[in-house]
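Participant: One structure coming up, written as structure tokens, with questions to follow.
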Amino acid sequence: MKKKIFALVFAIGITGSMLSGCGRNLDSSDTETAQTETEEKELSSDIKPALLLSGSSNDHSWNQFGYEALMRVKEELGIEVTYSENVTTTDQLQAIRDYASKGHNPIIGHGGQFEDDMIKVSEEFPDTQFYVICGGTGAKPNVLSVDNAPWQYGYAYGWMSAKITKTGKIGFITGMEGVSVMNNLVGSWRDGAKTVNPEVETSVVYISDMGDVAKAREAALSLQAAGCDVIMHELNAGMQGVIDVCKESGICVLGRSEADKEYAPDQILTYTEYNWDTKYVDLVKRTMNGDLQGGTYFYGFHTPEGSGFQFHYDENQEWNPRFVSEELLGEFQTEVVDMFVKEPERSYTVEDAAAGTK
């Protein structure tokens, strides 16, 4: 995917009183400059991002990530922003249309559930840019589905798991079996592990509810019984059940926040930050550039203008130094990061991400 870095244009206003105070006339170059600056100011004033959230803006989770990202846009770019929270599926079509009719641009739906209705409204407002965070396909010319590249961080999880396992058995727990994003995430995890060691056993368990702590705990116990000493996951509240089992059993596990690392410092391998604030700023800059975009766009190792994700253990370490040496970090940079910078795109199938052990 071709990468573009778009520069933000800042307008400098020149008032008539200032000019008369200087006591000079505009020559032809001054006139051209003043006209350009006026056009730039008008372009900037036309950019009024509007954000739709399916839940509360202070839920300490997904919706708050979107709200805080929007506030970063306001602070960094100095433009007017607005948002609606707790937008239901029943109300979202009208909410999107209302924002578009009032001239808001871009309109951002923080969640894939907004995609279908954004595509409908986009046909009525072809000059408005619509962004769907974690959408599916988007639609040309002006609905862009934006996400992190799951095959990149999934591959990284699998690669590192295979490098540090002592038993040669690793596991992954998640939900939404058969969904494209999970095919790419789990399939790449298995691929990364098998690239390191074709003989490593990769066991995948899907649960029906990603927020079910008891089911997630049960899945983690089954992987523990099978001999897995590294367990990755992609869950919502259910992750606590996995982390609890791993802490109790001394199994290496993925965290989701600094709080997880503080809770289980000897077991957390890393936690991943998705940096939606930098992505939002980049997306609004793209809109200010004036080019409508449709389809899909993925952030990752290959997009320095808006990093897809960052691994963290503490303020000085990306990965737990108990498991990951400086030498191993060097290998990771070359064999994972640099590889995806050169060739950022991959795709995995349902079969690649199938439940069970391979």
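Participant: Does Val245 meet the test of being open to solvent by less than 10 Å² (accessible area, probe 1.4 Å), touching a residue at least 60 places away in the same chain (Cβ under 8 Å) and part of a helix (DSSP H, G or I)?
Facilitator: no
Participant: Right, next: Is it the case that region 312-334 has a residue that's closer than 24 Å to Ser145 by Cα and either without any contact (Cβ under 8 Å) to a residue 60 or more places away in the chain or polar (S, T, N, Q) (or both)?
Facilitator: The answer is no, given that none of the residues of region 312-334 is closer than 24 Å to Ser145 by Cα and either without any contact (Cβ under 8 Å) to a residue 60 or more places away in the chain or polar (S, T, N, Q) (or both).
Participant: If you check every pair at least six apart or on different chains, which have Cβ atoms under 6 Å apart with a residue in region 271-290 that is farther than 16 Å from Gly66 by Cβ first and a residue that is among the charged types (D, E, K, R) second?
Facilitator: Within 6 Å, the pairs are Tyr271/Arg256; Tyr271/Asp260.
Participant: Restricting to region 310-348, give me the number of residues that are more than 20 Å from Asp191 (Cα to Cα), open to solvent by 60 Å² or more (accessible area, probe 1.4 Å) and acidic (Asp, Glu).
Facilitator: Count: 4.
Participant: Taking into account only those residues within region 90-108 that are in contact with a Phe, Trp or Tyr (Cβ under 7 Å, 6 or more places away or on another chain) and outside any helix (DSSP H, G or I), which is nearest to Glu273 (Cα to Cα)?
Facilitator: Among those that are in contact with a Phe, Trp or Tyr (Cβ under 7 Å, 6 or more places away or on another chain) and outside any helix (DSSP H, G or I), it is Ile108.
Participant: Separate question: Can you say whether Ile231 is touching a Gly at 6+ places or on another chain (Cβ under 6 Å), closer than 23 Å to Phe323 by Cα and not in a helix (DSSP H, G or I), as far as the supplied structure shows?
Facilitator: yes
Participant: Does Arg190 satisfy the condition of being part of a helix (DSSP H, G or I) and under 26 Å from Glu326 (Cα atoms)?
Facilitator: Here the answer is yes, as Arg190 does meet what is asked.
Participant: Here is a further query. Every residue in region 161-185 that is surrounded by fewer than 19 Cβ atoms within 10 Å (Cβ to Cβ) and either without any contact (Cβ under 8 Å) to a residue 12 or more places away in the chain or in a loop (DSSP other than H, G, I, E, B) (or both), please.
Facilitator: Lys166, Thr167, Gly168, Met176, Glu177, Gly178, Val179
Participant: If you check Val121, Val87, Val146, Val132, which single one turns out to be assigned to a loop (DSSP other than H, G, I, E, B) and crowded, with 19+ Cβ neighbours inside 10 Å?
Facilitator: Criteria check complete, one pass: Val87.
Participant: I'd like the residue in region 203-231 that is acidic (Asp, Glu) and modelled with pLDDT of 95 or more and, out of all such residues, is surrounded by the fewest Cβ atoms within 10 Å (Cβ to Cβ).
Facilitator: The extreme case among them is Glu218.
Participant: Can you find even one residue in region 249-256 that is open to solvent by less than 40 Å² (accessible area, probe 1.4 Å) and touching a residue at least 40 places away in the same chain (Cβ under 8 Å)?
Facilitator: yes
Participant: Which of the residues spanning region 48-77 are modelled with pLDDT under 95, part of a loop (DSSP other than H, G, I, E, B) and not polar (S, T, N, Q)?
Facilitator: Scanning region 48-77 gives Gly55, Asp59, His60.
The values are calculated or read from the model by the stated rules, or taken from the named source; none is laboratory data. The structure displayed is predicted, hence computed values, not measured ones. Positions of Cβ are generated from backbone atoms using ideal geometry, with glycine treated the same way; all protein chains shown enter the neighbour counts. Quick note on the areas: whole protein, heavy atoms, side chains included, nothing else; ligands and nucleic acids left out. Shrake-Rupley method; radii C 1.70, N 1.55, O 1.52, S 1.80 Å.
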